[in-house]
Every structure is written in C-alpha cells, then in structure tokens.
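Trainee: Here it is, the structure, as structure tokens.
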Amino acid sequence: MIRNVLKMGDPRLLETSSPIAQFGTSELDALVRDLLDTMLHLNGAGLAAPQIGVGLRVVVFGFKFNSRYPDAGEIPETVLINPVLTPMGLEQDSGWEGCLSVPGLRGEVSRWRRLRYEGYDANGNGICRDVTDFHARVVQHECDHLDGILYPTRIRDLQRFGFVDELTPTRVAESE
C-alpha cells in the first residue's frame, strides 16, 4: 500500500526510532511492503519507516535506474533493519541530496565516502556490506531518519541549499 510521506515540520520526523525486536511477523512484512511500494511510487532512492509515521528502525533503498539520480549506479533493493553504520576511513565527499520528506529542495551534504553497514532483513537474516560513493550516501541519509535527522541540518553552507528548479542544473547534477 502506498502511504503518505511526512514532510519536514512534522515532529515525528525528529524522534529517535525503536529497534525491531521480532522478525518474520506479518506486521513487519506489511511495513516493508508499504515502504517499498511508497518508495517506488514516488521514485525515491530510499525510504525510512519514520517518514511514513512508523517509529521503528527500518529502512529500504535501492533501484536499477532512478530518474532523480540519472548518473548514479544501480543499488540493490535492500531492506535494512536495526542498522549499524561504520565509516571505513576518514574520507568524506560532498554531494547534493534531496528527500521525499523535503520535496522540491536539494542541498549539499558531506558524507562518509566508504561505509560498512550491518543489520538484518525482515526475516532476521544478517546483512553486512561494504559500499562506497552514492550507495554509501543513500544508506547514511536513510539511517539518519532513524535518529530524527533530516539532511538540511547537515548542510554547512546554506548557499548550497535551495529549490531544485532554482538551482543551476550544473550545480545539482555534480553528484547525482
């Protein structure tokens, strides 16, 4: 089922989410289905449970091709529950980000370039991946939602934040 996505200003987006205690339940399966359906319907790169008003540590992400990020490589469709992120190295990259909860805006955010993420799928099977570049950026962005963080709070220079249709195409396309 396609769910409504909360917008910046809704206080639920600022809350810290609770971990999942039971895997393989019909409730968790329904939540994951709703997240994937909503993400695909809105052409998102990812979606976190808090964005649909569910305060649980569940994110989904991935696509073969995404018109919002045409230069990004494929990211495998992933359900990640109770994630733990570990930066691999000190290198960070700045890149333009958007968010379904902050529609129509983009901002430049610095993120870890290389990252290991660990967690579980909906059945409780372990996941551990080492990723880089846009894949790492998407995971960090979605997992921020679990801690009540929206990307605009990570923008260091507000001159690098604005409405997509007002930003020059070159600036926004630099890291998409």
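Trainee: Name the single residue, out of those in the stretch 31-62 being touching a Phe, Trp or Tyr at 6+ places or on another chain (Cβ under 8 Å) and among the hydrophobic types (A, V, I, L, M, F, W, C), that is surrounded by the fewest Cβ atoms within 10 Å (Cβ to Cβ).
Mentor: Here the answer is Ala45.
Trainee: Separate question: Go through (1) under 20 Å from Leu6 (Cα atoms); (2) at pLDDT below 95; (3) crowded, with 19+ Cβ neighbours inside 10 Å one by one and return the number of the condition Arg68 breaks.
Mentor: (3)
Trainee: Quick test of your reading of the structure: Ile81 fulfils all but one of (1) among the β-branched types (Val, Ile, Thr); (2) assigned to a strand (DSSP E or B); (3) surrounded by fewer than 21 Cβ atoms within 10 Å (Cβ to Cβ). Name the failing condition by number.
Mentor: Result: Ile81 fails condition (3) only.
Trainee: Residues that are in contact with a strand residue (DSSP E or B) (Cβ under 8 Å, 6 or more places away or on another chain) and free of Cβ contacts under 8 Å to residues at least 24 places away in the same chain: find the strands (runs of 3 or more DSSP E) completely inside the stretch 89-170 holding 3 or more of those. First the steps, then the outcome.
Mentor: Values: elements: 92-99, 102-112, 114-120, 126-132, 161-163.
Of the strands (runs of 3 or more DSSP E) lying wholly inside the stretch 89-170, those with at least 3 residues that are in contact with a strand residue (DSSP E or B) (Cβ under 8 Å, 6 or more places away or on another chain) and free of Cβ contacts under 8 Å to residues at least 24 places away in the same chain span 126-132.
Trainee: With among the charged types (D, E, K, R), modelled with pLDDT of 95 or more, surrounded by 15 or more Cβ atoms within 10 Å (Cβ to Cβ) and farther than 25 Å from Val5 by Cβ as the only criterion, which of Asp157, Asp133, Asp121, Asp144 stands out?
Mentor: When all the criteria are applied, what remains is Asp133.
Residue-by-condition table, conditions (1) at pLDDT 95 or above; (2) more than 17 Å from His141 (Cβ to Cβ); (3) β-branched (Val, Ile, Thr):
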site	(1), (2), (3)
Phe23	yes, yes, no
Ala30	yes, yes, no
Lys64	no, yes, no
Leu85	yes, no, no
Leu105	yes, no, no
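The values are calculated or read from the model by the stated rules, or taken from the named source; none is laboratory data. Treat the numbers as computed from the prediction; the structure is a model and nothing was measured. We place every Cβ from the backbone using ideal geometry, glycine too, and count neighbours over all the protein chains shown.
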